[in-house]
Amino acid sequence: MSNNPIGVFDSGVGGTSIWKEIIQRLPYENTIYLADSKNAPYGQKSKQEIIDICIKNTEILISRGAKIIVIACNTATTNAIDVLRTKYNIPFIGIEPAIKPAALATKTKAIGILATKGTLSSDLFHKTTNQFASNILVIEQEGTGLVPLIEQNKMDSLEMKTLLKQFLNPMIQKNIDHLVLGCSHYPYLIPQIRTLVGNNVHIIDSGFAVAKQTEKVLAELQLLNNNTKAGKHYLMSNSNTQTLATLTNGIKETTVEYIPF
Ligand code: DGL
């Protein structure tokens, strides 16, 4: 079982930002990545639609032998992880916006969060915000439109710049010193965001924390792969594979394939 792959899924290519942290931290692990780009964006779907999609993704990864599943999607985690944990006897690692570290570190007492509608409206997100950030200003912004552009690898487009300006300017005006990227697609926008917010705003994402947690859970369950040769990585997409191939280009032992799931 320990040779079996780590399963990772997202609504598309964005979760590869998390997957890259995982394979860097756990270089001997085999992985299988499911990019459900056909159904992106998840952020505009209802909770029940998101749950149904997550069930489908989980079953595909289990049928391909995953030993653990990393939900590399904030929208899917915040809306569906409880249901998945109840339904399946396999460990799940989720990803949530890093509100807590930002709230603890802010000096200006103002932080921004950029995430999907589905994440910002979830009970889990409200719970975390009330618990850790009730005494500071939290500027929530839906990133509607960003994911479809990232799926098309249009990070440097004018449309992207216009949207980012529109989303981030109100936060800058409120003097935020931390910006939480609450969607696994958004780390691919860090260079563009940095240009707009300057060097005094800390940009926080959750990839490192997820990779660390994945290692911890695998170790506790004695599921770490004890091989010492580089892991193999299989990435499948149910849509055009071009962006997936571009974003994973140059990573060794990686196969990208179109599968009509
Ligand atoms: N990458 C996902 C997230 O972290 C989903 C974005 C979307 O499909 O709307 O929320």
Next item on the list: Give, in nm to one decimal, the length gained when the segment between Y258 and H126 is fully stretched (0.36 nm per residue of separation minus the Cα-Cα distance).
Entry: 43.9 nm
Item checked: Accessible surface of the chain [probe 1.4 Å, protein heavy atoms]: carbon and sulfur percent -> 49 percent
Checklist line | Distant-in-sequence amide H partners of I68 (H built 1.01 Å from N, under 5 Å) | finding: G7
Check: Just the projected area, averaged over all directions, of the convex hull on the alpha carbon atoms of segment 112-261: how many nm²?
Finding: 11.7 nm²
Next item on the list: For E159 paired with K117, estimate the spin-label separation in nm (one decimal), with each label point 7 Å from Cα along the Cα-to-Cβ line.
Entry: 1.7 nm
Margin query: I need to check one value: relative contact order of segment 82-220, counting alpha carbon pairs closer than 8 Å and at least 6 residues apart, in percent.
Written below: 32 percent
Margin query: Show me the ranking of peptides 241-249, 92-100 by mean Cβ neighbours inside 10 Å, starting with the highest.
Written below: 92-100, 241-249
Notebook entry, point to check: Between the helical axis of 47-63 and the dominant principal axis of the chain, each derived from Cα atoms, what acute angle in degrees is found, rounded to the nearest 10?
Noted result: 30 degrees
Next item on the list: Can you tell me the 0 to 90 degree angle between the C-alpha axis of helix 123-132 and the longest principal axis of the chain, rounded to 10?
Entry: 60 degrees
Item checked: Amide N of segment 74-106 lying under 18 Å from the label point, which is placed 7 angstrom from the Cα of K47 along Cα→Cβ -> 74-87, 95-97
Checklist line | Relative contact order (%) - criterion: Cα under 8 Å, at least six apart; region: segment 138-201 | finding: 40 percent
Notebook entry, point to check: So if R0 is 25 Å, what FRET efficiency would N135 and H202 give, r being the distance between their Cβ atoms, rounded to the nearest 0.05?
Noted result: 0.85
Next item on the list: Mind giving me the nanometre distance, one decimal, between the label points for R25 and K212, set 7 Å out from Cα along Cα→Cβ?
Entry: 0.8 nm
Notebook entry, point to check: All other residues with a Cβ under 10 Å from the Cβ of P187 taken together, and with Lys, Arg as +1 and Asp, Glu as -1, what is their net charge?
Noted result: -1
Check: Where the only charges are on Cβ atoms (+1 Lys, Arg; -1 Asp, Glu), what is the dipole of segment 119-222 about its Cα centre, to the nearest 20 debye?
Finding: 220 debye
Notebook entry, point to check: Rolling a 1.4 angstrom probe over the protein heavy atoms, how many square angstrom per residue are accessible across segment 50-144?
Noted result: 42 Å²
Next item on the list: Could you tell me the distance between the Cα centroids of segment 28-45 and segment 130-153, to the nearest Å?
Entry: 19 Å
Next item on the list: Distance check, please: which entries in K56/K212; K100/K161; K38/K232; K20/K174 exceed 30 angstrom between their Cα atoms?
Entry: K20/K174
Checklist line | Net charge over other residues, Cβ less than 12 angstrom from the Cβ of A40 (K, R count +1; D, E count -1) | finding: -1
Notebook entry, point to check: If you plug each phi of segment 149-155 into the Karplus form 6.51 cos²θ - 1.76 cosθ + 1.60 with θ = phi - 60°, what whole-Hz ³J(HN,Hα) values come out, in order, with x for Gly and Pro?
Noted result: 5, 5, 4, 9, 6, 9, 5
Notebook entry, point to check: How many Å³ per residue does the convex hull of the Cα positions in the chain occupy?
Noted result: 120 Å³
Notebook entry, point to check: For the chain, what's the relative contact order in percent, using C-alpha pairs closer than 8 Å and at least 6 residues apart?
Noted result: 28 percent
Notebook entry, point to check: What number, in nm² with one decimal, is the all-direction average of the projected area of the convex hull of the alpha-carbon atoms of segment 8-108?
Noted result: 7.7 nm²
Check: So what is the calculated 222 nm ellipticity per residue for the chain, using -39500 (n - 2.57) for each DSSP H run with n of 4 or more, over all residues, to the nearest 500 deg cm²/dmol?
Finding: -12500 deg cm²/dmol
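The values are calculated or read from the model by the stated rules, or taken from the named source; none is laboratory data. All values derive from a computational prediction rather than experimental measurement. Neighbour counts run over all protein chains shown; Cβ positions are idealised from the backbone, glycine included. Side chains included, ligands, DNA and RNA excluded: accessible areas come from the protein's heavy atoms. Shrake-Rupley method; radii C 1.70, N 1.55, O 1.52, S 1.80 Å.
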